[in-house]
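Trainee: Provided herewith is a single structure, encoded as structure tokens, for subsequent inquiry.
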Ligand code: DAH
């Protein structure tokens, strides 16, 4: 019976080779799992060889069992190798499929930008800062007294009609949205009197008007105010010219025309020579050769007194200009409604 185990061991070898060939052919996770079940599972073709051990001579059993176990370990190792190389292949192909070329230009996230009205306001404030003016911020919701009365508009005086007003409901027309930045003059003087001041006061103002291409119910202003001993109209002219030359350019000329504002005396309106035709007359300046840019004057003694100064000791000048109007002229913006229209095609052209 000595030949039987040899033949049987040869059979184990044959089965092992068959299993190896099958393993080579097993591609993919499912095939590998099926292979494992078929050969090495509980009732697998290698494992179940052990069941036939009882048919052998007792002397042959150890050699047979060892051979089955050895085949089983060899196939187990081959399976592990195949499975892990299968995993490595899957990882490699996933990496290849998801590869990111870090040298390609990225897609930048959309960035916000400043509103054109903010851009122009800041530019003007920068110029005035360079000229020694401090920024003073004042409230947008004002008292009627401060917006009008203390600025020398007597009650019921027709000058109030110069600016149609939004009143805050339920306050008996005592509280309103400021119609100009001039009430900030009273606030600033109240904060600093009797010391000299030189300030600019930027911000939003509101008027109860019909909205048209040329008029809005809200827009920005920049107010200027200087108060101190010996301040004259010459200082006002120097300041305005200094601003115009920095903002519009050194070759632009200014022209003062007498005007009327309740809070200044004397009062003037200032024109700048047209940048397109240099005074000859054109479409931009409507053939005038000049563009109106601001109102100004010497602070009225009543206003100085209302601000807490002694008009016998100090004098002052003030001016008020419209940054959005200046920007519209510079960029040929023909409709003020673009400013609050929230159309990014307009807004994106600035800044
Ligand atoms: N407050 C005036 C307005 O809104 C502008 C103005 C004119 C301001 C003359 C001033 C000034 O300070 O002196 O129309």
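The values are calculated or read from the model by the stated rules, or taken from the named source; none is laboratory data. Keep in mind the model is a prediction, meaning the values are calculated, not measured. Positions of Cβ are generated from backbone atoms using ideal geometry, with glycine treated the same way; all protein chains shown enter the neighbour counts.
Trainee: Among the candidates 225, 284, which residue alone is more than 14 Å from the ligand (Cβ to nearest atom), touching a helix residue (DSSP H, G or I) at 6+ places or on another chain (Cβ under 9 Å) and in the same structural domain as residue 331 (by TED's automatic domain parsing)?
Mentor: 284
Trainee: Further question: Would region 326-341 turn up any residue that is within 13 Å of the ligand (Cβ to nearest atom) and modelled with pLDDT of 90 or more?
Mentor: No, that holds for no residue.
Trainee: Out of all the residues in region 271-281, which are more than 27 Å from residue 182 (Cα to Cα) and either near the ligand (Cβ under 10 Å from one of its atoms) or at pLDDT 95 or above (or both)?
Mentor: None - no residue of region 271-281 is more than 27 Å from residue 182 (Cα to Cα) and either near the ligand (Cβ under 10 Å from one of its atoms) or at pLDDT 95 or above (or both), so the list stays empty.
Trainee: Consider residue 258 carefully, then state whether it is in the same structural domain as residue 179 (by TED's automatic domain parsing), more than 29 Å from residue 191 (Cβ to Cβ) and over 40 Å from the mean Cα position of the chain (by Cα).
Mentor: Considered against the rule, which asks whether it is in the same structural domain as residue 179 (by TED's automatic domain parsing), more than 29 Å from residue 191 (Cβ to Cβ) and over 40 Å from the mean Cα position of the chain (by Cα), residue 258 comes out as yes.
Trainee: A further question on this structure: Pull out all pairs, ordered by first then second residue, where Cβ-Cβ is under 8 Å, the residues are six or more apart or on different chains, the first lies in region 168-188 and is at positive phi, and the second is more than 13 Å from the ligand (Cβ to nearest atom) and assigned to a loop (DSSP other than H, G, I, E, B).
Mentor: So the pair list comes out empty.
Trainee: Oh, and also: Would you mind stating whether residue 107 is farther than 13 Å from residue 223 by Cβ and within 16 Å of the ligand (Cβ to nearest atom)?
Mentor: Here the answer is no, as residue 107 does not meet what is asked.
Trainee: Something else about it: Restricting attention to region 247-270, which residues are in contact with a strand residue (DSSP E or B) (Cβ under 6 Å, 6 or more places away or on another chain) and more than 14 Å from the ligand (Cβ to nearest atom)?
Mentor: Correct list: 248, 252, 253, 254, 255.
Trainee: If residue 110 passes every condition in (1) in the same structural domain as residue 333 (by TED's automatic domain parsing); (2) closer than 30 Å to residue 335 by Cβ but one, which one does it miss?
Mentor: (1)
Trainee: Just give me the residues in region 283-327 being surrounded by fewer than 20 Cβ atoms within 10 Å (Cβ to Cβ) and more than 27 Å from residue 121 (Cα to Cα), in sequence order.
Mentor: Within region 283-327, 287, 301, 302, 305, 308, 310, 311, 312, 313 qualify.
Trainee: Return the residues of region 291-310 that are assigned to a loop (DSSP other than H, G, I, E, B) and either more than 16 Å from the ligand (Cβ to nearest atom) or not assigned by TED's automatic domain parsing to the domain that holds residue 193 (or both); say none if nothing qualifies.
Mentor: 308, 310
Trainee: Any residue in region 77-99 that is in the same structural domain as residue 40 (by TED's automatic domain parsing) sitting within a Cβ distance under 8 Å of a residue that is outside any helix (DSSP H, G or I)? List the pairs, counting only those 6 or more apart or interchain.
Mentor: Matching pairs, first to second residue: 82/26; 86/28.
Trainee: Does residue 209 fit the bill of being within 14 Å of the ligand (Cβ to nearest atom) and surrounded by fewer than 22 Cβ atoms within 10 Å (Cβ to Cβ)?
Mentor: In short, yes.
Trainee: Of the residues 197, 217, 186, only one is more than 13 Å from the ligand (Cβ to nearest atom) and buried (at least 21 other Cβ atoms within 10 Å of the Cβ); which?
Mentor: 197
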